[in-house]
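The block underneath contains the structure these notes are about, expressed in structure tokens.
The values are calculated or read from the model by the stated rules, or taken from the named source; none is laboratory data. From a predicted model like this one, the values you see are computed outputs, not experimental measurements. Reconstructed Cβ throughout: ideal geometry from the backbone, glycine too, with neighbour counts over all protein chains shown. Please note that ligands, DNA and RNA were not included when accessible areas were found on the heavy atoms of the full protein model with its side chains. Shrake-Rupley method; radii C 1.70, N 1.55, O 1.52, S 1.80 Å.
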Amino acid sequence: MANLNVKLVKSLNGRLEKHIATANSLGLRKIGDATTQPDNDQTRGKIAQIGYLLQVTEEK
């Protein structure tokens, strides 16, 4: 199964609380934080919501 590398590249300051909560659920708290997430519908939905804050790369 493929994984996604997700990195926070923009600040969470001044963002909607919902978007901050989504970033926190991905394990992203400050700029430069990166995590590896499973490539599934739930993760894709979170990325779609806050994609403007993230850099996403696919890992095989």
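Here are some notes:
- Rounded to 0.05, the FRET efficiency of the K10 and T57 pair, given R0 = 22 Å and the Cβ-Cβ distance, is 0.85.
- Charge sum, other residues only, whose C-beta stays under 11 Å from Y52's C-beta, Lys/Arg counted +1 and Asp/Glu -1: +2
- Size of electric dipole in the chain: Cβ of Lys, Arg +1 and of Asp, Glu -1, about Cα centre, debye, nearest 20: 240
- For the chain, accessible area per residue (1.4 Å probe, heavy atoms of protein chains only), Å²: 65
- Structural descriptor for the chain: relative contact order 56 percent, calculated from alpha carbon pairs under 8 angstrom and at least 6 residues apart.
- Computed from the Kirkwood radius of its Cα pairs, the Stokes-Einstein diffusion coefficient for the chain at 4 °C and 1.567 mPa s stands at 114 µm²/s.
- Rounded to the nearest 500, the helix-only mean residue ellipticity at 222 nm of the chain stands at -9000 deg cm²/dmol, with each DSSP H run of n ≥ 4 adding -39,500 (n - 2.57).
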